[in-house]
């Protein structure tokens with residue numbers, strides 16, 4: 001008798017599970033047909049079966065479990081801007097020779113300002129350029145013991161009437177800002193920042209060397225604000241373009257416009273010269 005009763009319980013459980021699965025399927029079909037408007041074929045018997053107490057809830061729970069098992073859609077990733085592979089600007093070419101044999105920096109500034117739309121000559125800008133007029137003194141061996149500091153103003157004489165050296169970004173930036181209030185000093189910024197300027201359509205005055213080589217010979221002298229190490233190969237140009245292999249400059253000494261220089265070499269020299277650069281924004 002116990003065995004018979006056990007068999008009845010198992011059989012009942014089997015038919016109960018089968019009925020729940022069947023009802024879940026019917027309910028899912030009805031939901032789909034209702035949602036899509038294709039429910040004309042559904043018989044009254046199927047409608048009544050799906051509406052039976054308990055079966056509807058069981059089928060709904062099964063559908064909810066199925067929906068919960070679906071993975072969440074991945075969040076949309078905004079597209080990243082792609083850096084242009086090259087940029088090139090048409091900036092006026094101004095030669096420093098013959099009037100300013102030591103005036104590469106102020107001549108490069110002249111090109112930058114002309115590009116901006118300010119029509120001032122290199123001689124006008126040279127006349128107003130900050131100066132450090134500290135007299136030069138020599139050691140017994142002929143090396144320079146004491147002179148001006150290019151961070152204060154132009155050291156020496158740019159016209160060649162006396163020994164001339166140059167001017168660095170701090171002093172020349174003050175002159176640029178006097179003419180362009182939106183001037184920016186990009187010194188010690190990564191070179192990519194100068195490329196961004198070109199992408200925005202703005203050149204920059206950058207410091208390099210006359211032969212575009214890292215200097216092998218450096219000189220040191222004392223100044224009113226402390227000693228300085230530099231090189232007489234110091235030079236400044238207007239950066240007007242770049243691509244994957246080269247940068248392009250307007251060189252006031254050679255007089256060449258868009259002169260190509262191998263990029264890695266140029267960056268190495270620029271870094272050796274203190275990563276100096278000045279420009280402006282369009283704001």
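What is the residue count in region 155-165 for residues that are assigned to a strand (DSSP E or B) and either at negative phi or surrounded by fewer than 17 Cβ atoms within 10 Å (Cβ to Cβ) (or both)? It would help to see each step written out before you state the result.
Taking region 155-165 as the starting set, the residues that turn out to be assigned to a strand (DSSP E or B) are 155-156, 164-165.
Keeping just the survivors that are either at negative phi or surrounded by fewer than 17 Cβ atoms within 10 Å (Cβ to Cβ) (or both) gives 155, 164-165.
Count: 3.
Pairing residues of region 264-283 that are farther than 23 Å from residue 110 by Cβ with residues that are modelled with pLDDT under 95 and surrounded by fewer than 16 Cβ atoms within 10 Å (Cβ to Cβ), at Cβ distances under 8 Å and at least 6 apart in sequence or on separate chains, gives no pairs at all. Please indicate, with yes or no, whether at least one residue in region 131-154 is in contact (Cβ under 8 Å) with a residue 24 or more places away in the chain, surrounded by 16 or more Cβ atoms within 10 Å (Cβ to Cβ) and farther than 18 Å from residue 230 by Cβ. No, that holds for no residue.
Okay, residues lined up against (1) part of a strand (DSSP E or B); (2) more than 20 Å from residue 172 (Cβ to Cβ); (3) over 21 Å from the mean Cα position of the chain (by Cα):
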site	(1), (2), (3)
237	yes, no, yes
241	yes, yes, no
249	yes, no, no
255	no, yes, yes
261	yes, yes, yes
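Among the residues examined, residue 173 does not qualify as within 25 Å of residue 267 (Cα to Cα) and in contact with a helix residue (DSSP H, G or I) (Cβ under 7 Å, 6 or more places away or on another chain). Residue 66 meets all of the listed conditions (1) touching a strand residue (DSSP E or B) at 6+ places or on another chain (Cβ under 8 Å); (2) modelled with pLDDT under 95 but one, namely (1).
The values are calculated or read from the model by the stated rules, or taken from the named source; none is laboratory data. Treat the numbers as computed from the prediction; the structure is a model and nothing was measured. Every residue, glycine among them, receives a Cβ derived from its backbone with ideal geometry; neighbour counts consider all protein chains shown.
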